[in-house]
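Note sheet for the following structure.
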Amino acid sequence: MRRHLYLMAGFVSIGLGAVGAFLPLLPTVPFMILAAFCFARSSPRLEAKLLDHRQFGPHIRRWREHGAISRRGKVAALAAFGFSIALALILSPWPWFLVPVAAALIGGSWIWTRPEA
């Protein structure tokens, strides 16, 4: 039963990551890292496919081995945070636009302090 839940969670993560490839506010790589985590506990074959993926494999391995995020990934994440803050300032009334600002400050601070490898 547990294996099936991890397998489903892995596929949901892949789906969210695929959506994130087209939506600037939804990250892709963290969902792929989560999918690899879930597949490691449910399907070694699917985990291996993710680890061997040309685009996502290096990010997943870097995270697993060093807890590291590439400089390019950090810049992309912070740019997405900036975009979401701009949208919130334009579209949200006071005080609701402060929610994405707070999330960006907290999330961006955490991302920027991760090691680079």
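The values are calculated or read from the model by the stated rules, or taken from the named source; none is laboratory data. None of these values were measured; they are calculated from a predicted model. Don't worry about glycine lacking a Cβ; one is built from the backbone with ideal geometry, like all the others, and counts go over all protein chains shown. What goes into the accessible areas is simple: the full protein's heavy atoms, side chains included, and nothing from ligands, DNA or RNA. Shrake-Rupley method; radii C 1.70, N 1.55, O 1.52, S 1.80 Å.
In region 98-113, what count of residues is obtained for those that are surrounded by 16 or more Cβ atoms within 10 Å (Cβ to Cβ) and not in a helix (DSSP H, G or I)?
0
Please identify the pairs in which a residue from region 30-46 that is touching a residue at least 24 places away in the same chain (Cβ under 8 Å) and farther than 27 Å from A80 by Cα has its Cβ atom under 8 Å from the Cβ atom of a residue that is assigned to a helix (DSSP H, G or I) and among the aromatic types (F, W, Y), counting only partners at least 6 apart or on another chain.
F39/Y6; R41/Y6; S42/Y6; L46/F39
Which residues, taken from region 22-49, are in a loop (DSSP other than H, G, I, E, B) and loosely packed, with under 14 Cβ neighbours inside 10 Å?
Correct list: F22, L23, P24, L25.
Report every pair of residues separated by at least 6 positions or lying on different chains whose Cβ atoms are under 9 Å apart, first residue within region 49-61 and closer than 14 Å to A18 by Cβ, second of a type in the set (K, R).
none
Condition (residue is assigned to a helix (DSSP H, G or I) and loosely packed, with under 12 Cβ neighbours inside 10 Å) applied to region 54-71: is it met by at least one residue? Steps first, answer last, please.
Taking region 54-71 and keeping what is assigned to a helix (DSSP H, G or I), we get 57-66, 71.
Next, only the ones that are loosely packed, with under 12 Cβ neighbours inside 10 Å stay: 65, 71.
Yes: region 54-71 contains one or more residues that are assigned to a helix (DSSP H, G or I) and loosely packed, with under 12 Cβ neighbours inside 10 Å.
When you scan region 76-83, do you find a residue that is at pLDDT 90 or above, in a helix (DSSP H, G or I) and open to solvent by 30 Å² or more (accessible area, probe 1.4 Å), even just one?
no
So in region 10-21, with the set limited to residues that are under 17 Å from E47 (Cα atoms) and open to solvent by less than 40 Å² (accessible area, probe 1.4 Å), which one is modelled with the lowest pLDDT?
Once the filter is applied, the top-ranked residue is G17.
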